[in-house]
Amino acid sequence: MGGIELVVTDLDGTLWDRPGEIHAETLAAWHELERRGVAVIVATGRRVTSTREPLAECGLAPPAVVMNGAIGVDLATGGRFHEYVYDPAHAREVLRIFLSFDLEPCVYVDDTDIEVCIGANPSTHPNHLRFLGARAVTRDLDEVVANERVFMFGTMGHELDRLAPLAAALSPMAIAHAQGDFLSGSSFTVIPRGLSKWAGVVAYCEHAGLDRARVLAIGDGPNDVELLTQAAVAVVPEPAHSDAVAVADHVATGGWGDIVDLV
C-alpha cells in the first residue's frame, strides 16, 4: 500500500491477549516497521503506569496515548506531548451523577506520585484496587474534583445493565466507554466529551512532524472507533467488537503482523 508514516496500536485484545505477553511474531513485526522507518505508538484506555510497565517487560518504551486520549507521553523519557483535562465544573457534575447512582468512582488525576484517587467506599472490583496499589490514595472526592486536574473517572467489575443508565445520564458532558475487562463484569471509563484516542494521535503527529493523513490504526473496541474512522487505514484484529469491525478496512486474520503488508 505504501505511504504510511505512523502505526497506532491498541493494547488489550490487539497487541496482546495478556499484559506483557506479546507474541514473538508480533514483536518481530513491530521491529520490522521500525526498520522501515515507520513510527509505532500505543493508544490505550490504560493509565501511564499500567501501560509502561508491561511494555517494558517486552523491551518496548514507545510514545503512548493513554486513558483514551487524556495524556500523550513518551514512555522512554516521561515527557508529554499532549494532555486534556476535565473542565472543573464538568468534573464536579460527573462525580455527582456517579454518586446519584450509588457508585463511587476512581478519579484519575495529574500528580507526580499518584495516578488515582478513591473515596472511603470505592465502587470498583477489589482486585482492581490491589492492581492500583500505591498509585492510588484515599481522599475526599469532592475536594479532589474541586482542586485537582482530573483526566478520567472509572470503575471495574459491574454489569453492563447497571452501567447503561449511568452512561446515558453522563452523556451531556462526558463520553463513557464500557467493555469487558480482566475481572468479572466491565471496565467503565468516563472522559470529557470531545476527547478520543485520535486527539492524542494528532498531537503526536504535530510533535513528531508526521502527516496525520498517513496513519494506520489497529484496535478492537468501541473506544477505538473514532481512531479507526479517522485513520487512513483502519485494521481490526480477529476477533473484535462489532462497532470496530463496522469501520475497518481490513481484518488481521493472520495476527498483528499483517500490518507489515499494509504499510
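Only the coordinates and a few stated rules stand behind these numbers; no lab work does. Keep in mind the model is a prediction, meaning the values are calculated, not measured. Heads up, the Cβs are rebuilt from the backbone with ideal geometry, glycines too, and the neighbour counts pull from every protein chain shown.
What angle do you read, to the nearest 10 degrees and between 0 and 90, between the alpha-carbon axis of helix 160-170 and the longest principal axis of the chain? So the inclination is approximately 80 degrees. Comparing Arg96, Arg46, Arg36 in a Gaussian network model of the chain where C-alpha atoms under 10 Å apart are linked, the largest mean-square fluctuation is found at Arg36. Using the Cβ atoms and a cut-off under 9 Å, what net charge is assigned to the surroundings of Ala217, where Lys and Arg are +1 and Asp and Glu are -1? That sum, taken over residues with Cβ under 9 Å, equals -1.
Computed about its Cα centre, the charge dipole of segment 212-257 is approximately 240 debye, with only Lys, Arg, Asp and Glu carrying charge at their Cβ. Comparing mean-square fluctuations of Ala29, Ala164, Ala240 from a GNM of the chain with C-alpha springs under 10 Å, the top value falls on Ala164.
Considering only C-alpha atoms, what is the centroid distance from segment 240-263 to segment 26-66, in Å? Each part's Cα centre sits 18 Å from the other's. Net charge dipole, segment 21-80: roughly 280 debye, given to the nearest 20, about the Cα centre with Cβ charges of +1 for Lys and Arg and -1 for Asp and Glu. Computed about the Cα centre, the dipole magnitude for the chain is approximately 320 debye when only Lys and Arg (+1) and Asp and Glu (-1) carry charge, each at its Cβ. Around Glu53, what is the net charge, scoring Lys/Arg as +1 and Asp/Glu as -1 over all other residues with Cβ under 11 Å from its Cβ? Result for the neighbourhood of Glu53: +3. Loop-located GluC sites (Glu not before Pro) across segment 82-164 with a Cβ neighbour count of 16 or fewer within 10 Å are Glu159, with loop assigned by DSSP.
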